[in-house]
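Input: a single structure, listed below in structure tokens.
The values are calculated or read from the model by the stated rules, or taken from the named source; none is laboratory data. All values derive from a computational prediction rather than experimental measurement. Every residue, glycine among them, receives a Cβ derived from its backbone with ideal geometry; neighbour counts consider all protein chains shown. The area values use the complete protein model at the heavy-atom level, side chains included, leaving out ligands, DNA and RNA. Shrake-Rupley method; radii C 1.70, N 1.55, O 1.52, S 1.80 Å.
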Amino acid sequence: VAAGLGWTDVATYIQSGNLVFTATGPAEELGSALHRGINNTTGLEIDVIVLTREEVIALDEQCPWPEVAELKRVHAFVFPAPLSSDAEVAVRAAAAQAAEAGSSDEAVATGRVLYVHTPGGFGRSLLVPLLDRAAVRRHTGRGTARNLATVRKLRAMIEG
């Protein structure tokens, strides 16, 4: 689909919707074009969020836990727009509730990214379900998440 749109250097990374490409135009317009192309080709309604090269690099560089030993225990949730003040309040409240329950999980919201560190694992996290109920769906709508290992692989792909 991306190549059919005239985009170049098209490459995918693992089977979770990671696409790297070269194209011109605003990221939002590229995302809309890809969304329409996927829908026209497959009939599927797939949410698409496009990050610029600079945004992918920043996603890695702005991570609050850059030296974490297990990269798959840090996730970056990316949303189409910056988190609202209500969403940021909900993130802080969810983190406080998880901490009160004895969790070492952490969350930091910045712009349209919510970073989450789950030292005990994502699936066992006390914080993640609280975020899902409190912030991710109610205040921000749809988004996408990638662990830090994937973020760094995508960065390496775009930096060539």
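Residues considered: G25, G37, G102. Largest GNM mean-square fluctuation over the chain, using C-alpha springs under 10 Å, is found at G25. Per residue, the chain exposes 57 Å² of solvent-accessible protein surface, assessed with a 1.4 angstrom probe and all protein chains in place. Simple point charges give the picture: +1 on the Cβ of Lys and Arg, -1 on the Cβ of Asp and Glu, and for the chain a dipole about the Cα centre of about 360 debye. Count Lys and Arg as plus one, Asp and Glu as minus one, and take only other residues whose Cβ is under 11 Å from that of F122; the net charge is then +1. Specify whether the C-alpha gyration tensor of the range 58-160 places it in the rounded, prolate or oblate class, a ≥ b ≥ c being the square roots of the eigenvalues: rounded for a/c under 1.5, otherwise prolate if a/b is larger than b/c and oblate if not. Judged from the Cα gyration tensor, the range 58-160 comes out oblate (a/c at least 1.5, b/c at or above a/b). Computed over the chain, the per-residue total of -39500 (n - 2.57) for DSSP H runs of n ≥ 4 gives a 222 nm mean residue ellipticity of -11000 deg cm²/dmol, rounded to 500.
Sparsely packed loop sites in the range 13-52 (the GluC sites (Glu not before Pro) outside DSSP H, G, I, E and B with at most 16 other Cβ atoms within 10 Å) comprise E45. For the range 29-141, the fraction of 1.4 Å probe accessible surface lying on carbon and sulfur atoms is 52 percent. I want to verify a result. In a Gaussian network model of the chain, Cα cutoff 10 Å, which of these has the top mean-square fluctuation: R146, R36, R112? Of R146, R36, R112, the most mobile in the Gaussian network model is R36. If only the Cβ of Lys and Arg carry +1 and only the Cβ of Asp and Glu carry -1, the dipole of the range 1-73 around its Cα centre is close to 260 debye.
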